[in-house]
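This report concerns only the one structure given below.
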Amino acid sequence: MSEQIIQQNPVLISTRGLTKRFGSKDVLKGIDCDIRVGEKVAVIGPSGSGKSTFLRCLNLLELPSGGVVTVDGAVLFQSDMQAKKDVLDAIKAQIKALKSGEASPEVKAHQEEAAALKEELLHAHAELKDAATKAKLAAIKLAKKSGSVTEEDVQDAVAAREKATAVVAELKARLSAVNAKIKQKKAEAKKSVDAAELQRLNEALTQAKAEYATAKKAHNAAMRKTGAVIDEHRRNMGMVFQHFNLFNNLTVTENITLAPVSLGLKDLAAKRKELLKRKLFKHEDVTEQLAALPDKLEIIENAKTNAKRLLARVGLLDKADVFPSTLSGGQKQRIAIVRSLAMNPRVMLFDEPTSALDPEMVGEVLEVIKELADEGMTMVIVTHEMNFAKEVATRVLFVDDGQIKEDAPPAELFGDPKNDRLKEFLSKIL
Ligand SMILES: Nc1ncnc2c1ncn2[C@@H]1O[C@H](COP(=O)(O)OP(=O)(O)OP(=O)(O)O)[C@@H](O)[C@H]1O
Ligand SMILES: [Mg+2]
């Protein structure tokens, strides 16, 4: 599918202002991204930049901290709880600064002065160390009569050391004077806190607290609801990880049929319950519909047939009844892909599917992914295989420090990178 056509396709997954915070660490810092039907999006970026977290937030394996995730236009996740918390924290910090005198413009000015002095002092210390070493060396050389060091040279070196000592002492004195001023100005500011400003901030605090509480409540309610909605949407999103995650105590076929069978049975039970309710409470005749429902054996057989078809497709039909421990890494990963495909997903999410493989097995897995891409599967793939990204992706995202820093078709992103961090990243790996 050409790029122009894809740009007219409907958006399948969309994020706005997506954030994720672990403890006090902001791992995703507001990601806006649309993934259209048929797109193959490669995600690249340095280690720890948030690529996996981004992928895991798309199917809510990881719960975002804020922002919106929609799938097929339906909101899967939405929360402004974190944004409200940030506002609340900022107001608290302002109040604290005002009460402690830190907010006074005079204090701030002196603090800037102190910071500059500290910087100067750091350099001065380094110079003093240097001068002291030189003076010591000169004295030693003179004593040993080695080289052409004269009495005068030593005196010069000692003078330089003393000068550097004096500079340090002077800077230290200035710094301590500024620090004293800061203390004094803070004390003054504390005594004359702007009452009107404090009241304004306190009012803002009350409001921010209320807004945060409301957002938190909505967030928690949405999370309870999301549990059910997520299941529905996860069926549409296949996920393949670096480390296969196959069940070692189940055969290959069992691994593949586990999810479709259990979901099929769950659906069957729900449908049957619904029909029986109609019969009991609404006195409808549902005999035909009940008879048309598949039976359990049929569901299992269908799943097995589908597994065989998919295994044949990746060239592993002969492995249907073996246990994963007897397979190579490349074979395991192809099975993991088949397992995801067995759910008929609308989009596949791959997180470095080849980086745990021996080099000779990378090709066979990439080949399977490439075939899927050619068949039109929508996919997002975090990868370090730049050649693969160049060849298969319709779009590449460069993620750095929790943000998408560049988003372009591969030819442009690799051929004419704009962002400095991307240039640096590419120069290291290409
Ligand atoms: N469950 C977690 N708890 C705390 N911190 C986490 C958690 N998961 C990820 N992080 C941190 O979030 C940051 C981003 O991690 P992530 O795994 O998304 O990076 P990545 O871009 O996929 O890196 P890599 O290329 O190494 O796989 C890292 O600093 C990581 O330590
Ligand atoms: Mg990762």
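The values are calculated or read from the model by the stated rules, or taken from the named source; none is laboratory data. Predicted model, so just to flag it, every value in this text is computed and none were measured. Glycine also receives a Cβ, built like all others from the backbone with ideal geometry; neighbour counts cover every protein chain displayed. Calculation scope for accessible area: heavy atoms of the full protein, side chains included, ligands and nucleic acids excluded. Shrake-Rupley method; radii C 1.70, N 1.55, O 1.52, S 1.80 Å.
Here are some notes:
- Using a Förster distance of 56 Å, the FRET efficiency for residue 232-residue 429 (Cβ separation, nearest 0.05): 0.90
- For residue 65, the amide hydrogen comes within under 5 Å of the amide hydrogens of 19, 20, 21, counting only partners 5 or more places away or on other chains and with H modelled in the peptide plane.
- Positive-end residue of 280, 268, 292, charge dipole of the range 255-296 with Cβ unit charges: 280
- On the beta carbon distance between residue 277 and residue 309, with R0 = 41 Å, the FRET formula returns roughly 0.70.
- Distance between the range 1-61 and the range 95-169 - C-alpha centres, whole angstrom: 50 Å
- Taking other residues whose beta carbon is less than 12 angstrom from the beta carbon of residue 418, and scoring Lys, Arg as +1 and Asp, Glu as -1, yields -2.
- Mean-position separation - Cα centroids, the range 350-376 and the range 288-338, in angstrom: 20 Å
- Protein heavy-atom surface of the chain, 1.4 angstrom probe: 54% of the accessible area is carbon and sulfur, with nucleic acids and ligands not counted.
- Considering only Cα atoms, the convex hull volume of the range 204-301 works out to 188 Å³ per residue.
- Gyration tensor verdict on the chain (Cα atoms; rounded if a/c is under 1.5, prolate if a/b is larger than b/c, oblate otherwise): oblate
- Among the listed pairs 29/216; 51/209; 108/172, those beyond 29 Å (Cα-Cα): 51/209
- Karplus-derived HN-Hα couplings along the range 173-188 (A = 6.51, B = -1.76, C = 1.60, θ = phi - 60°), whole Hz, x at Gly and Pro: 5, 4, 5, 5, 5, 5, 4, 5, 4, 4, 4, 5, 5, 5, 4, 4
- Anisotropy class of the range 70-228 from Cα gyration tensor, a/c 1.5 cut: oblate
- Residue-wise HN-Hα coupling along the range 318-328, computed from phi with Karplus coefficients 6.51, -1.76, 1.60 (Hz; x: Gly, Pro): 5, 9, 3, 10, 8, 8, x, 4, 8, 9, 6
- Candidate aspartates and glutamates for bridging to residue 423, where Cα separation is under 13 Å - those fewer than 8 sequence places away on the same chain excluded: 400, 406, 412
- Mean ellipticity per residue at 222 nm, deg cm²/dmol - from DSSP H runs of n ≥ 4 across the chain, formula -39500 (n - 2.57): -21000 deg cm²/dmol
- Beta bridges per DSSP with both ends in the chain, % antiparallel, nearest 5: 60 percent
- Normalised per residue, the accessible area of the chain is 55 Å², obtained with a 1.4 Å probe and no contribution from ligands, DNA or RNA.
- Highest mobility in the GNM of the chain, judged by mean-square fluctuation with C-alpha springs under 10 Å and restricted to 342, 292, 103, is found for 292.
- Listed values for the range 120-130 are Karplus-derived 3J(HN,Hα) couplings in whole Hz (6.51 cos²θ - 1.76 cosθ + 1.60, θ = phi - 60°), namely 4, 4, 4, 5, 4, 4, 5, 5, 4, 4, 4, and x replaces Gly and Pro.
- The mean sequence distance of close C-alpha pairs (under 8 Å, at least 6 residues apart), as a share of the length of the range 356-414, puts its relative contact order at 21 percent.
- Entries in 40/304; 40/390; 96/191 that, when Cα-Cα distance is taken, lie over 18 Å: 40/304
- Global geometry of the range 12-131, whether rounded, prolate or oblate, following the gyration tensor of its Cα atoms and the 1.5 cut on a/c: oblate
- Computed over the alpha-carbon pairs of the range 1-80, the distance histogram in 10 Å steps reads 19, 48, 28, 6, 0 percent, short to long.
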